[in-house]
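This report refers to the structure that appears directly beneath it.
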Amino acid sequence: MVQHDRLGQGLRALRGRGLSHAARLALTTVLLCLAAAAPAAASHDQESIFEDEHQLLESGPGVAATALDDIDALGADSVRSLVLWARVAPGRRPANATDPRAYPPAAWDPYDDLVRGTRARGLGLILSPSTPIPVWASRCKHRTATCKPDPKAYRAFVTALGRRYSGSYADENQGGGVLPRVTRWSLLNEPNQPGWLTPQYERRRGRLVATAAVVYRALARAGIAGLKASGHARDQVLLGETGPIGRFTGPLARRPISPVEFLRKLFCLTPGGRRSKARGCRGFKRFAVSGFAHHPYQRGGSRPPAEPPEAAGEITISAPGRLRRVLDAAARARRIPRRLPVYYTEFGFQTNPPDRIFGVRAALQPAYLNQSDWMAYRDRRVRGVGQYKLVDDAPLPSFQSGLRFGDGRPKPGYAAYRLPIWVSGRGARLRVYGQVRPATNGTPQTVRIQRRPPKGGAFATVRTVTVRSRRGQFLVRVPRRPGVWRLVWGSLVSRDARVAPR
């Protein structure tokens, strides 16, 4: 966008200067060539986000503290955590569900520890109040923990959560000490997936209705209202937390809605991006949100990063333009603010071992993680990339995308996460992207870019880079030479990287 603006300014400047037609044509050609050669805008302040509820909430205070230390040492900036409504809520609907004291005190303990633990380490925190729900909050005839949550009850729950972490609430479990304030929130988790919200579809009067999108619209508005009521009106609030894929077959109630279709229904848009006049869309009020969260997995973290999506409505990390187009259409229709930043709050690659069905070879995880970082870095709308998880889950059917195996041993991806490298290019010069993740607050860091010849031998330094960016990211160009590349930063050495086309 910036390059196009400058091109327009240059072309306008040619007018009225008394230049001949041939001169204007030559200068126009130069400007066009410069614009075409300009690199794509990149996100130079991209946040590293970590998520692992099992380690941080479900395994006791000692494990949680160790996990936070590990996440901090890996160089993450923030932690995202679900706050499961059913886990915190009492067995019966409380008389005043907006009061944190109406919930069992012990149910808050893991979240209180997480809020304190991230604050003590200087880590940011994103809380996501989410399903499953207490069954008393379901509006379905046959109540379940995911079926049509009551927006009023959700608003009350979010209000209680916001009050507890307002920065002025005294913890009844810790002798009245005031709990730290939380200033970042996202609303629910993967509402376009039946494991989190049902029904996904319903048939009404012969028409197929994306019920989950309609329900989520009401829940999101309720959550925003709950945050506002508890003093968080100026906080960062992320909409979405959408999953990457959908299906076209299977029972309607449990058939995942593709994210493109889900967002169109959520924002009341036609397939062409215009305002829809469907039922419930009249008088649409713009969402008061400050970002959009998405989970751009490649088929559950089982495919290479650059592999195209299988279906038109899917949004994986290889197809960010699909998400931008829907968000931009929603902004033009005044459904959301313009140019909302995007956060990939949940992402990763499952490995084999241990998952011999869906996992990629453990040796491939480092390159896939680094390539994904590079792909996200190139998109200036993407302001954060998540890593899910730290440690593999013990049940094999669950997620095995950790940077450590279930027994605690680091995977090859562990070191690659700390010091990413991606080398690419087709011309006379190569692009070297890297990040010194554990660096702090833009303190200058010295990184050596090294190369080893194809026939072997020792690595030699090609260039020394001083990294000054706040998140430790950098991009430089070096002459094309064959061989293997790596980064050296203090005592840390990156993986060996071969040149990729892009």
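The values are calculated or read from the model by the stated rules, or taken from the named source; none is laboratory data. Everything numeric in this text was worked out from a predicted model, so none of it was measured. Ideal geometry is used to build each Cβ from the backbone, glycine not excepted, and the neighbour counts take in all protein chains shown. Side chains included, ligands, DNA and RNA excluded: accessible areas come from the protein's heavy atoms. Shrake-Rupley method; radii C 1.70, N 1.55, O 1.52, S 1.80 Å.
Some points to look at:
- Here TYR433 qualifies as aromatic (Phe, Trp, Tyr), open to solvent by less than 20 Å² (accessible area, probe 1.4 Å) and outside any loop (DSSP other than H, G, I, E, B).
- Selection from region 429-460 of residues that are at pLDDT below 90 and among the aliphatic types (A, V, I, L, M): ALA439
- Selection status of THR446, more than 24 Å from the chain's Cα centre (by Cα) and free of Cβ contacts under 8 Å to residues at least 24 places away in the same chain: no
- Residue count for region 405-440 satisfying the condition of being in contact (Cβ under 8 Å) with a residue 60 or more places away in the chain and either farther than 13 Å from VAL478 by Cα or touching a strand residue (DSSP E or B) at 6+ places or on another chain (Cβ under 8 Å) (or both): 23.
- Residue check for GLY167: modelled with pLDDT under 95 and either among the aliphatic types (A, V, I, L, M) or on the phi > 0 side of the Ramachandran plot (or both): no
- Exactly one residue out of ARG481, ARG452, ARG409, ARG463 is over 25 Å from ALA293 (Cβ atoms), open to solvent by 60 Å² or more (accessible area, probe 1.4 Å), touching a Gly at 6+ places or on another chain (Cβ under 6 Å) and among the basic types (Lys, Arg), and it is ARG452.
- The residue list ASP72, ASP99, ASP52 contains one member that is acidic (Asp, Glu), open to solvent by 40 Å² or more (accessible area, probe 1.4 Å) and modelled with pLDDT of 95 or more, which is ASP72.
- Residue that is farthest from ARG339 (Cα to Cα), among those in region 375-391 that are open to solvent by less than 10 Å² (accessible area, probe 1.4 Å) and not β-branched (Val, Ile, Thr): LEU390
- Matching strands (runs of 3 or more DSSP E) fully within region 189-249 where at least 2 residues are closer than 23 Å to GLU53 by Cα and open to solvent by less than 10 Å² (accessible area, probe 1.4 Å): 236-242
- Selection within region 94-116 - of a type in the set (A, V, I, L, M) and closer than 15 Å to ARG155 by Cα: ALA95, ALA97, ALA102
- When residues in region 111-151 are screened for being farther than 24 Å from VAL215 by Cβ and open to solvent by less than 40 Å² (accessible area, probe 1.4 Å), 9 of them pass.
- Within region 462-502, the set of residues being assigned to a strand (DSSP E or B) and more than 30 Å from the chain's Cα centre (by Cα) comprises VAL462, ARG463, THR464, VAL478, PRO479, VAL484.
- Unmet requirement for PRO337, which otherwise passes all of (1) under 25 Å from GLY124 (Cα atoms); (2) surrounded by 18 or more Cβ atoms within 10 Å (Cβ to Cβ): (2)
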